[in-house]
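**Student:** What follows is a structure written as structure tokens; I'll ask about it next.
Any read-out appearing in this document is the output of simple, stated calculations on the displayed coordinates, not a laboratory observation. The structure presented is a predicted model; accordingly, all values stated were derived computationally and were not measured. In this analysis, Cβ positions are derived from the backbone assuming ideal geometry, glycine residues included, and neighbour counts consider all displayed protein chains.
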Amino acid sequence: MPDALMLPGLFGLCYFAFAALALSVERHWRDLVESRRGPPRRTVFRLRLAALLCMAAALSVAIRHDGTGFGILLWALALSAGALAVAATVTWRTRSVRG
């Protein structure tokens, strides 16, 4: 992966992982997708599996690009940034949906 695309790709994978985890929570599902029912069990499983795969892919990208030592550190920082970005997005989106 070219150097210019490695960091945005890494942060994008972490963002998508935490977005999937957030949507697997019943409260966030009701706030963002459907207010009447929570997510079906199959959907929760698929969202959590997608989050796991995105995190594993992000770890693989970070280690492959920067080596084991710095790659794991970069991955941990990308996870933190992705979680913060998803928390901000869910907060903003919930407020805009509720009016």
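**Student:** As I understand it, the value is the acute angle between the Cα axis of helix 68-98 and the longest principal axis of the Cα atoms of the chain; what does it come to in degrees, rounded to 10?
**Tutor:** Rounded to the nearest ten degrees, it is 20.
**Student:** At most 16 other C-beta atoms within 10 Å and a DSSP loop state: those are the exposed trypsin sites (Lys or Arg not before Pro) I care about. Give me the longest piece of the chain that has none.
**Tutor:** 38-99
**Student:** Can you give me the P(r) profile for the chain? Cα pairs, bins 10 angstrom wide beginning at 0, each as a whole percent.
**Tutor:** Pairs per bin, as whole percents: 17, 41, 27, 13, 2.
**Student:** Could you work out which residue, out of 81, 62, 22, moves most in a Gaussian network model of the chain, that is, has the largest mean-square fluctuation with Cα springs under 10 Å?
**Tutor:** 81
**Student:** Also: Under a crude label model (7 Å from the Cα following the beta-carbon direction), how far is residue 45 from residue 68 in nanometres?
**Tutor:** Going from the residue 45 label point to the residue 68 one covers 3.5 nm.
**Student:** Related question: Suppose each label sits 7 Å from its Cα in the direction of the beta carbon; what would the residue 3-residue 81 distance come out to in nanometres?
**Tutor:** 1.6 nm
**Student:** Extending each Cα 7 Å along its Cβ direction at residue 93 and residue 56, get the distance between those two points in nm, one decimal.
**Tutor:** Placing both labels 7 Å along Cα→Cβ, they lie 2.4 nm apart.
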